[in-house]
Each structure stands twice: as structure tokens, then as C-alpha cells.
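*Asks:* Below is one structure. I have some questions about it.
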Amino acid sequence: MRIVVLVSGTGSNLQAVIDAIAAGSLDLSIAAVGADRHGSYGVERSAAAGLDTFVVDFKAYAERADWDAALLDKVSSYRPDYVISSGFMRIVGPQFIEAFPRRYLNTHPALLPSFPGAHGVRDALAYGVKITGCTVMYADAGVDTGPIIAQRAVEVLADDTEESLHERIKVAERELLIQVLRELS
Ligand code: GAR
């Protein structure tokens, strides 16, 4: 099984996948890691791990549809079985979703359908929920609206900050993502 991983940020979930492959506990190959901007640590660490990397810079395209088309072209060129959005903070266009039906996965740091969007951890904390968690889903053209594959609960502690809570969610998220990838492979 070949995957392409898309990142915008630090790529710590991606690192867990790289580590699981290296440890022999996950049988798949990362065909490439791509980002929507230059300078992300996710791409930097992937290059350091010897992986193919690419950037389709969102800001370099005047038209959103042109960025969508360029991303689709680039990702398709690697002929992935699955595409994983791992902290990729862009919604892709409908053609991308159609090109990878039930083959484009997303992770989210909240128990969907609660707290979708870019600030799932902050929003859950602000609401005052006592239990939150993480979700792995098939992405669709909406914001965190696709069919849910798996979820894991994480308790909110009385003294949690957004950072401390997100760190614990990420621990659960990494395990969940690897579990889902293992089942798919
Ligand atoms: C992860 O927690 C991921 O779920 C979240 O960004 C973080 C990326 O961490 N994604 C979203 O909030 C998407 N709505 P990482 O770059 O260290 O893997």
C-alpha cells in the first residue's frame, strides 16, 4: 500500500507513521509528503528521513481552482492507494475528493461532529466539555464532515491548557491513525 501524506505544520502524526514503518509494525510505503506552504517542519523532517517531498504553495496561485488542480496533479503522479491529511489545514476541491473516493483520510483533534474546524482543541476547552478526543475520517468537500472511521476519547483535566490537552490528544491520535492504516493495509 502506497500513501501520500499532506501536512501544513510540524507533522508529528506523520513522524509516528514513519517510526511505525521503520519499526516494522506498519506495512506500507510513504510515496511522498506534500505541503501547502514552504518551510513546514513536516516537510523538513520528511526530507531528513529520505522521503520524497513536494510543496504546492497555496499563496502562489491567484485562483483557488488552479491550486486545487496543481495539488491533484502532483498527488496523483505518485499513484497513491490512500492520501492522508495529517494536520493539512486546507480544504481540497471536489475534484480531489472525487479522484480519491474513500481514499482521502483526515485526522481531527476532537470527537466529531463536535468542534470541527481549525480550532477543535480550543473550542472544546472553551465549551467546557469533560471528554474530547480525536477522529479519523474519510474527508469530503466539507469541513470535517466526512464519514467517521474511528475515534478515541481523551479526558479533559481541570488545569488543561490548549497546548497540554492537544499534546494528550495527539498521543491518542497517533495510535488511532496507525491502527486505521494497519487495518487498511
Ligand atoms: C493534529 O492534531 C491534527 O488533528 C490537527 O492538526 C494537528 C497536526 O499536528 N488537524 C486539524 O485540526 C484539522 N482540522 P502535526 O502537524 O504535529 O501532526
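*Asks:* Considering only protein heavy atoms, what is the solvent-accessible area of S77 at a probe of 1.4 Å, reported in Å² to the nearest 10?
*Replies:* The accessible area of S77 comes to roughly 70 Å².
*Asks:* Using only Cα atoms, tell me the angle between helix 64-76 and the longest principal axis of the chain; keep it within 0 to 90° and round to the nearest 10.
*Replies:* Long axis of 64-76 versus the principal axis of the chain: about 80 degrees.
*Asks:* How many Å² of accessible area per residue for the stretch 2-184, probe 1.4 Å?
*Replies:* On the way: 8740 Å² over 183 residues.
About 48 Å² of surface per residue is accessible.
*Asks:* Could you calculate the contour length gain from R79 to L184, that is, 0.36 nm times the residue separation minus the distance between their Cα atoms, to one decimal place in nm?
*Replies:* Working: separation 105, 0.36 × 105 = 37.80 nm, distance 1.65 nm.
Between R79 and L184, full extension yields 36.2 nm more.
*Asks:* Pop a pseudo-label 7 angstrom from the Cα along the beta-carbon direction at both H119 and A60 and give the gap in nm to one decimal.
*Replies:* 3.1 nm
*Asks:* Still on this structure, please answer the following. Just to check I understand the Karplus step: with θ = phi - 60° and J = 6.51 cos²θ - 1.76 cosθ + 1.60, what whole-Hz values come out for the stretch 6-11, glycine and proline as x?
*Replies:* Result, ordered by residue: 10, 10, 10, x, 7, x Hz.
*Asks:* Defining a contact as two alpha carbons under 8 Å apart and six or more residues distant in sequence, what relative contact order in percent does the chain show? It would help to have the intermediate numbers written out before the result.
*Replies:* Working: 340 pairs, mean separation 38.0, N = 185.
Here the relative contact order equals 21 percent.
*Asks:* Here is a follow-up. Highest first, please rank the peptides 131-141, 150-160 by the mean number of other Cβ atoms sitting within 10 Å of their residues.
*Replies:* Details: 131-141: 21.1, 150-160: 13.6.
Averaged packing, sorted descending, gives the order 131-141, 150-160.
*Asks:* Taking all protein chains as present, what is the carbon and sulfur share of the accessible area of the chain, in % to the nearest whole number, probe 1.4 Å? Could the numbers behind the result be given before it?
*Replies:* Details: 4600 of 8870 Å².
Answer for the chain: carbon and sulfur cover 52 percent of the accessible area.
*Asks:* Ok, one more. Which one of A22, A31, A110 has the biggest mean-square fluctuation once the chain is modelled by GNM with Cα springs under 10 Å?
*Replies:* A22
*Asks:* While we're here: Within a Cβ distance under 10 Å of R2, other residues only, what is the Lys/Arg minus Asp/Glu net charge?
*Replies:* Numbers: positive: R79; negative: D81.
Value of the local net charge: 0.
*Asks:* Right, here's the next one. In nm, to one decimal, how far is the V171 label point from the A150 one, both placed 7 Å along Cα→Cβ?
*Replies:* 1.8 nm
The values are calculated or read from the model by the stated rules, or taken from the named source; none is laboratory data. Source: prediction; values computed, not measured. Neighbour counts run over all protein chains shown; Cβ positions are idealised from the backbone, glycine included. Just the protein is used for accessible areas: all its heavy atoms, side chains included, with ligands, DNA and RNA removed. Shrake-Rupley method; radii C 1.70, N 1.55, O 1.52, S 1.80 Å.
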